[in-house]
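Have a look at the structure below, then the notes.
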Amino acid sequence: MVTVTRIEAVRPALADEFNPGEFIPRTEAIADAYRWGKELHGDQKRMSGEPYFDTHCVWVAGFIDNLVQNEAWTIAALLHDAVEDTGESLDQIRARFPGMLGEQVAYIVDGVTKLSRPRDGRSREIETLRKIAMFRDPGVFLVKLADKSHNLLTLEHMPEGKRIEKATEAIRAYGKLAGILNCYRWRRWIEDMAFPHAYCDAYKFVREAIDSDLRLDLEFLNTMIDQLAKIMERSGVEGNVQLSVNGYWQAWQKLRRMARGRKTSMNSFADLNDLVSFRMVVSSNNVEDCYLLMAEVNRFFGPYLDHSRFDDYIACPQNGYQALQITAYLPDLGAIEFAIATEEMEGENTWGVVYALRNGKDISRYRPVEILTPTGGARFVEEGSSVLDAVASIQQEFLLDKISAVEVNNNLAMLSDKVKPGDVVEVITSGPRLKPSPEWLNFANLSTARLLRIILATEALRKSAEHGREILKPVLADHGIFDLADVQSLAPEKVDNLLALLGCASLEDLYTSVGSGAIRMEDVDNKLCQTDINRDSLGWTTINLLADKRSHKPGVLAKLAGLVSKVGGNILLSYNITTPDGGFMLRLVIQNLTPDSKTELYQSYQDSGYVFKSLEIV
C-alpha cells in the first residue's frame with residue numbers, strides 16, 4: 001500500500017507547527033518540578049510582559065517532553081533558569097530529586113546555566129558557552145536548543161541591536177547545531193524565525209522570490225505526489241510520498257554558494273533543486289527497494305533528468321544523511337529533487353538524534369564540538385574537526401580565502417590542528433594571507449570541503465581569466481584594440497556577436513576560456529574579423545598609461561586630454577583609477593587620429609614632463 005500526504009499549505013505557520021500544546025506533567029516528579037519552578041520564578045516577567053515561567057520554561061519543557069519523553073530532561077527544562085534567575089543551587093536541585101534523577105537534572109541545568117560572575121576577564125556569554133561546550137551531552141544540547149528556539153518568538157520585544165545580535169547567533173550557532181544533530185526540521189524552524197530579524201532586506205527578497213515560484217503551486221505539488229505514488233505502486237514497493245520544502249535561509253545560502261561557483265545567478269532560484277524535495281519513503285526498510293524505485297523514477301523523467309546532480313547518500317552517507325537523490329529540470333518550472341529513503345533513514349534524516357533517542361539507536365556520533373569566537377559567538381562543528389573547519393563555521397566560505405593567521409585560545413594554530421570543545425578561535429585577516437590550496441582538503445570535513453572547492457574553482461577561473469587577458473593582448477593590438485571592454489562600452493552589439501560566435505556568456509567567460517585553452521587564439525582572431533572588431537572598421541586609437549605618484553597632480557588628466565585635442569583627436573572613452581602606490585592608470589579611446597598624429601601624440605606625452613611607468617598606444 002502506498003499513502004500520500006496531501007499538501008494543503010506549503011509553509012504551515014512555524015510557531016503553530018512547533019507549538020508543544022498544553023503542558024501536562026506525565027510523572028509526579030515532573031509535576032513537583034512544575035510547582036517548584038512556578039514558585040521560584042514567582043512574578044518574573046518576560047520582555048513581552050508575559051509571565052516568565054508559564055510562557056517560557058513551560059514551553060521549553062513541553063517541547064522537550066514531546067520530543068524525547070525523558071523525565072530528567074523535562075525537569076531540567078522546567079528548571080533551566082532556576083539557578084541563574086532565582087538563586088537556587090545545584091545542590092538544592094539534587095536534594096529535591098534524590099538519587100540518579102537529581103544528578104541528571106543538576107548536570108543538565110549546570111550545562112545550560114549562565115554563570116553569574118565571569119572569570120579570566122572574558123565576557124559572560126563566552127564563559128557560558130565554554131561551560132556548555134565541556135558537557136557534550138545530548139540533553140544539554142537539546143534543552144539549550146529549545147531555550148534558544150522559544151526566545152526567537154519574542155525577538156520583536158528586544159531593542160534593534162540586541163535583536164539582530166540574537167537572531168544572527170541563532171542562525172550561525174544554534175541553527176548549525178540543530179543541523180549537526182541532523183534535526184533538519186528544527187534547524188529550518190530556527191533559521192527561518194531568525195532570518196527576518198538578522199538580515200531584513202535579504203529576507204524580503206528571498207521570501208518574495210520563493211513564494212512566487214511556480215514549483216510551490218499546490219496543484220503541481222499534489223499532482224506530482226500522485227504520479228510518484230503510482231510509480232511506487234507499479235514497482236510493488238510499499239511506503240508513502242511526502243514533500244519537504246527548503247527553508248528560506250537554507251535556500252538563500254545554497255543560491256549564494258552556487259552563484260559564487262558560477263553555477264547560477266543571484267537573481268533566480270530556478271537552478272536550486274531542493275527548493276522542493278519529493279520524498280519517496282519505503283516502509284520495508286529494504287535498501288534494494290530504494291534502488292528499484294530509483295530506476296523507475298529515472299525512466300519516468302527520462303530526458304528531463306539532470307545527470308550531473310545524482311547523489312547516492314545510501315552508499316556514502318553525508319553527515320549521517322542517507323537517501324538517493326535525483327534531480328529533474330522541468331520546463332517552465334526549474335530543478336526539482338526526488339529523494340528515496342527507507343523509513344528509518346528518513347526518520348534520522350529529519351530528526352536525527354531525536355529519532356535515534358526515540359528508537360533506542362546509538363547516539364554516540366551526535367557529539368558536536370562547540371567552539372567560540374572572541375566576541376562570544378558560538379559555532380558547532382563535528383567531532384574531529386580541524387581549525388580550518390572552525391574557520392569555515394564562523395563565516396562560511398567568506399573567510400576561507402581571507403586568512404592571514406588563526407589563533408586558538410590566544411595561541412597561533414595550524415589549520416590542520418584539531419579543535420576541542422570550548423576553544424576560542426580568532427581569525428586574523430590583516431597582513432599577508434594564506435593562499436587556499438587543494439592540500440587543505442586533506443583536513444577539511446565534508447561541509448568545509450564543499451565550500452573550499454568553490455573557492456578553489458573560483459581562484460582557478462580567476463587565474464585563467466588573468467592569463468587569457470594577457471595572451472590576448474597582441475591579438476587585440478593587431479586589430480587596433482587595447483581592451484574588449486572598450487568595445488563593449490562603445491559598440492556592445494559587436495561584442496554580443498563575438499561572444500555568440502565563440503559560445504561565451506560574457507567577456508570574463510571568454511578570457512577564462514582562452515586562458516584555460518578551451519578557445520584557441522586563432523579562433524578569436526578569426527571571429528574578431530567576422531564581427532568587424534578591427535582597426536579599419538572602428539577607426540580607434542587607444543592610449544594606455546601608468547603614471548608615477550609624482551605625476552598625480554591637480555589638473556594632470558585635463559592636460560593629458562588637451563594633448564589629444566591638439567593633434568586633432570576626439571576622445572570617445574576615458575577610464576582612470578588611482579593605483580595603491582598613489583599613482584594613476586589612464587586609458588583613452590580616441591577617434592580621428594592619422595598615423596602621423598598618433599606619432600605626434602605619443603611624443604607629446606613623452607615630453608609632457610610627467611613620469612610614466614608605462615606608455616602604450618594601440
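The values are calculated or read from the model by the stated rules, or taken from the named source; none is laboratory data. Because the structure is a prediction, the values reported are computed rather than measured. Every residue, glycine as well, gets a Cβ built from its backbone with ideal geometry; the counts of neighbours run over all protein chains shown. Ligands, DNA and RNA are excluded from the accessible area calculation, which covers all protein heavy atoms including side chains. Shrake-Rupley method; radii C 1.70, N 1.55, O 1.52, S 1.80 Å.
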E219 paired with S489, simple spin-label distance in nm, labels 7 Å along Cα-to-beta-carbon: 5.1 nm
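Can you tally the net charge around L305? Count Lys and Arg as +1, Asp and Glu as -1, for every other residue whose Cβ sits under 14 Å from the Cβ of L305.
Values: positive: R299, R309; negative: E296, D306, D311, E337.
Counting the neighbours of L305, the net charge comes to -2.
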Pairwise label distance in nanometres, K559 with Q69, each label 7 Å out on the Cα-Cβ vector: 8.8 nm
0 to 90° range, to nearest 10: angle between helix 521-530 axis and the chain longest Cα axis: 70 degrees
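When the helices in the chain are scored as -39500 (n - 2.57) per DSSP H run of 4 or longer and the sum is shared across all residues, what 222 nm value do you end up with, to the nearest 500 deg cm²/dmol?
Details: 26 runs with 299 residues, N = 618.
Rounded to the nearest 500, the figure is -15000 deg cm²/dmol.
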Residues S283 and C316, FRET efficiency given R0 of 22 Å [Cβ-Cβ distance, rounded to 0.05]: 0.40
The chain shape via C-alpha gyration tensor axes, a/c threshold 1.5: prolate
Chain lengthening between N534 and K613 when straightened (0.36 nm per residue, less Cα-Cα): 25.7 nm
The stretch 213-359: C-alpha gyration tensor shape, a/c 1.5 cut-off, then a/b vs b/c: oblate
Angle between the chain longest axis and helix 28-41 axis [Cα atoms, degrees, rounded to 10]: 60 degrees
C-alpha center-to-center spacing [the stretch 496-565, the stretch 433-495] in angstrom: 17 Å
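Using a 1.4 angstrom probe on the protein heavy atoms only, could you order S513, S386, S430 from most to least accessible area?
S430, S513, S386
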Probe 1.4 Å - accessible area at K553, Å² to nearest ten: 120 Å²
Accessible heavy-atom area order of M232, M585, highest first, probe of 1.4 Å: M585, M232
Cα-based Kirkwood hydrodynamic radius, the stretch 28-195, one decimal, Å: 16.3 Å
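My understanding is that a pair violates if its Cα-Cα distance is over 26 Å; which of K166/K254; K144/K420; K45/K148; K144/K402; K38/K361; K204/K420 do that in this structure?
Details: K166/K254 23 Å; K144/K420 20 Å; K45/K148 17 Å; K144/K402 32 Å; K38/K361 35 Å; K204/K420 38 Å.
K144/K402; K38/K361; K204/K420, as the Cα separations exceed 26 Å there.
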Cut-off under 5 Å, modelled amide H: who pairs with V4 long-range: V241
FRET efficiency estimate (nearest 0.05) - Cβ-Cβ, S89 to D32, R0 22 angstrom: 0.80
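Rounded, prolate or oblate, given the Cα gyration tensor of the stretch 156-209, with a/c below 1.5 counting as rounded? Provide the component values of the computation, followed by the final result.
Numbers: a/c = 2.57, a/b = 1.31, b/c = 1.97.
In terms of gyration-tensor shape, oblate.
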0 to 90° range, to nearest 10: angle between helix 160-169 axis and the chain longest Cα axis: 80 degrees
